[in-house]
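One structure is given here, and the rest of the page talks about it.
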Amino acid sequence: MTLSLSLGMSLGLRRAFWMMWGELAGVALVSIAAVAGVATLMLSHPAVFIGLKYIGGIYLLFLGIQLIRSKGRRALARNMQSTPTISRKALVSQGFITAVSNPKGWAFTLSLLPPFIDRSYPVIPQMSVLLGILLGIEFICLVIYACGGRRLGTFLNHNGGTDLLNKTAGVIMIGVSGWLVAG
């Protein structure tokens, strides 16, 4: 959601849609993996989950530092008139990597989806319905954040608060990174 908000501010809703497609593909992959048995694997091999947690924490630390320095591709544009050029492919991959490397996303789907699957019925129709609901809600939320980001970006650009927001968001991401690794 933070990435959607940030891209909504710096690139606008239309360009943020490319990131959203990658994000939704990543969420779908994580969800399918959770139902397909990754939950059992991760419970029997907790080192895998711990590894994902550290990878996600390091990634958030990297994003936080980039936001503070305002040099990262995800950093908010200082001048909303000069929007950075990021390829569609790069936006899709940002969304996908963000979704797949997010340990909270894995924990959410690992705990939420498998209990809703009744193994006495065909799994594919059940998973299709669950995945449709999950991706629909995810998409709506991403659009809301990107739209809000665009409006917030316009407000901040007029009031000179973009640098402060970059630094605040960076510090928050670094804090979440520490929380993930320590927790």
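The values are calculated or read from the model by the stated rules, or taken from the named source; none is laboratory data. Being a predicted model, the structure only gives us computed values, none of them experimental. Cβ placement follows ideal geometry from the backbone for every residue including glycine, while neighbour counts extend to all protein chains displayed. To get the accessible areas, we keep the full protein, side chains included, count just its heavy atoms, and leave off ligands, DNA and RNA. Shrake-Rupley method; radii C 1.70, N 1.55, O 1.52, S 1.80 Å.
Just a few scattered comments:
- Residue within the range 1-12 that is open to solvent by 70 Å² or more (accessible area, probe 1.4 Å) and free of Cβ contacts under 8 Å to residues at least 60 places away in the same chain present: no
- Helices (runs of 4 or more DSSP H) lying entirely in the range 23-121 (those with 3 or more residues that are modelled with pLDDT of 75 or more): 46-69, 88-100, 103-112
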